[in-house]
Every structure is written in structure tokens, then in C-alpha cells.
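The values are calculated or read from the model by the stated rules, or taken from the named source; none is laboratory data. These figures come from a predicted structure and were not determined experimentally. Cβ placement follows ideal geometry from the backbone for every residue including glycine, while neighbour counts extend to all protein chains displayed.
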Amino acid sequence: ARRMDLDALAHAPVDAIVCARALQTQADLARRGGVRHRGAKLADYLIAAAQARLPILHYEADYEVIASVTHQAHEWIARRGSL
């Protein structure tokens, strides 16, 4: 049953375009100043870049920071700090 659930999810491959988008997002955050761009992990940037056209369901504040640049739709899966 779990395999069927996973198969129902949209696939978002990571290719050179996605990698470039992730690096650009990190650079855009760095240009804003501060250290916000350092909090997100590379995996967070790659996931957000791969999901550029899909909403991101998350339980991590880094996606809010990334979305402040990308303007991606995102939603906490649970109230922040509740899990």
C-alpha cells in the first residue's frame, strides 16, 4: 500500500537546471544580507528548486526563507513547534 501511495506523488527530478535554480536562490538570499541563506541546507534548496511549480509541504522554517525569494507556495504540515 505504501508503494502505491508513493507512486501517486509527483516526480520532481534533479537535473542541471534544478541545481542552477537552487544555487541562484541561495545567491539571491545572500545578496539580501544577513545569515538567512546559511540556515538552509543544500538539500532544502534542491528540493525547493525541483518543486518550483508544486506547493512544498514541510515542517521546516528554511522553506519559508526560501519562499521569500522564490515566491513558491508552501504549507506547514503541522503547526510550527508542535512536533
Going by the conditions given, is R79 more than 20 Å from A10 (Cα to Cα), charged (D, E, K, R) and exposed (fewer than 13 other Cβ atoms within 10 Å of the Cβ)? yes
In the range 51-68, what count of residues is obtained for those that are over 8 Å from the mean Cα position of the chain (by Cα) and either modelled with pLDDT of 95 or more or of a type in the set (F, W, Y) (or both)? 1
Please verify whether A16 is out of contact with any helix residue (DSSP H, G or I) (no Cβ under 7 Å at 6 or more places or on another chain) and at pLDDT 90 or above, treating the condition exactly as stated. yes
